[in-house]
Amino acid sequence: MQYNTKDNWKLVDWFTILLYLLMVAAGWVSICGACYELDSGHILGSVRPVTQLAWIGVSIVVAFSILMIDRDFFEVFSYIIYAAVIILLVATIFFAPDIKGSRSWLVLGPIRLQPAEFAKFATALAVARIMGNYGFVLTKCKNFLLVLGLIFLPMVCILMQRETGSALVYFAFFLMLYREGMSGYFLLAGICAVTFFVTGMKYADTMMGETPLGIFLVSMMVLVISIILMLVETKNKHDVYILSSVSASVLLISAIVSHYYPFNLNWIVFGLLSILIIYLIYESIYHWVWHYVMIASFVALSIGFLFSVNYVFNEILEPHQQIRIKVSLGLEDDPSGAGYNVNQSKIAIGSGGLYGKGFLNGTQTKLKYVPEQATDFIFCTVGEEQGFVGSSAVLILFAVFIIRLIILSERQDTVFARVYGYSVASVFLFHLAINIGMVTGLTPVIGIPLPFFSYGGSSLLGFTILLFIFLRLDASRKER
């Protein structure tokens, strides 16, 4: 199938391109504000705005070049593109210089490239290709493991570059997998893992009599969630009601007894969880209810995860990652160290008020109080200069953009295009949520850029390619 160049501009979704251009323009203005030097007195007195403007030009040229490529090119060469990027990621581990503790940048003369930014669209293409094969069913174990392998391979390579933030982005693909039929248990497991980790860490040193509060809260959450899942999955709710009543009675009596004769209540909860696992296994074998096996696995893995939290935190995470998590959870107050970025970020955003201080009039950003204010913390400049109104406008712009991507994904007539579209929407949503969470102190600082706003040529070009491949696929839907 040949692409009719005469109909180029009729087939492309111009509304999404308009949103893209608005965000790129707003991002460049924000970078100018973040990099403005008071001594220079000129908006382009810093190198970064000029460099970013050059990258914007390159990205726009690449974007419209992609729109001229035949749609089948991306599907036919998806595995080759993926393999080439993986080779580039591996090469980066060995040949990239050490910059701020990570080896993620390839230096090519005056140009620095971060291959991790290009691995996103390559992974999306490869996953879309394999899931678009005739007869592919995600719920088959073999197929599911193949998809996970494609997702986790670049993730592992990026972790070996010591770029934790960029590696975590690949969990965004699970949102797409859920849309394509992945069991909701996997999403529930991910949400529970984060909740259990935060709860266990935050209350690890708090005691409730003889009972460690963190372990007690997590184990109680496991018990309650398991019972709710049983109520949802079973048709015979009578046995579940009896099990719930007995568990509640045992816990209530144990709590009363522990008030007079202190002992560790966690042993009671663990006993109830053990009985629950045995009951679930028995029911799954006797009535052949495979959902009960999943719930029993959830309980067992949750208990194992609970007791592995301290090991993961103390032995696997780097010291700077540990302190960032502790500051985010309020376990430590380090305003001049790990908490400095977030504290200054909050001050900058808060100082903007309702309407902001105006372009180039921010004090926190102009006096360089906020580190990395042109990259990961670019939203601080928006908050200080444009205030609540400007910040809300940026968030609304992103919301419309992501919703538009979902609408475009749903109208695709091929699995390949739909899977790729949902991958694009998921990546943008993940970046937006984590970056805004970082600058407002809701999530730990892990170095996630704000798409189209944060300074960086690799980031801008990578996001542009990611988006415009999808726009090209969407245009081909109308061709067909």
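The values are calculated or read from the model by the stated rules, or taken from the named source; none is laboratory data. Keep in mind the model is a prediction, meaning the values are calculated, not measured. Cβ placement follows ideal geometry from the backbone for every residue including glycine, while neighbour counts extend to all protein chains displayed. Ligands, DNA and RNA are excluded from the accessible area calculation, which covers all protein heavy atoms including side chains. Shrake-Rupley method; radii C 1.70, N 1.55, O 1.52, S 1.80 Å.
General observations
- Ranking MET160, MET201 from most to least accessible surface, computed with a 1.4 Å probe over the protein chains only, gives MET160, MET201.
- In nm, spacing of pseudo-spin labels at VAL389 and VAL194 (7 Å Cα→C-beta vector): 3.3
- LEU231-ARG404 FRET efficiency (beta carbon distance; Förster radius 51 Å; 0.05 resolution): 0.85
- With the Kirkwood sum run over all distinct C-alpha pairs, the range 74-216 has a hydrodynamic radius of 17.5 Å.
- Percent carbon-and-sulfur accessible area, the chain, ignoring ligands, DNA and RNA, probe 1.4 Å: 68
- Mean residue ellipticity at 222 nm, helices only, the chain: -23000 deg cm²/dmol; runs of at least 4 DSSP H residues each add -39,500 (n - 2.57), and the sum is divided by the number of residues.
- Principal-axis analysis of the Cα atoms of the chain puts helix 290-311 at an angle of about 80° to the longest axis.
- Inter-label distance for ILE87 and VAL50, nm, one decimal - labels placed 7 Å from Cα along Cα-to-Cβ: 3.7
- Probe 1.4 Å, accessible area per residue of the range 154-228, Å²: 44
- 0 to 90° range, to nearest 10: angle between helix 78-95 axis and the chain longest Cα axis: 90
- Relative contact order of the range 398-474, pairs being alpha-carbon contacts under 8 Å that are 6 or more residues apart, as %: 26
- For the chain, the square roots of the Cα gyration tensor eigenvalues, ordered a ≥ b ≥ c, give a/c of at least 1.5 with a/b no greater than b/c, which places it in the oblate category.
- Taking label points 7 Å from Cα along the Cα-to-Cβ direction, ILE111 and ASN133 give a separation of 3.5 nm.
- Its relative contact order, with pairs defined as Cα atoms under 8 Å and 6+ residues apart, puts the chain at 24 percent.
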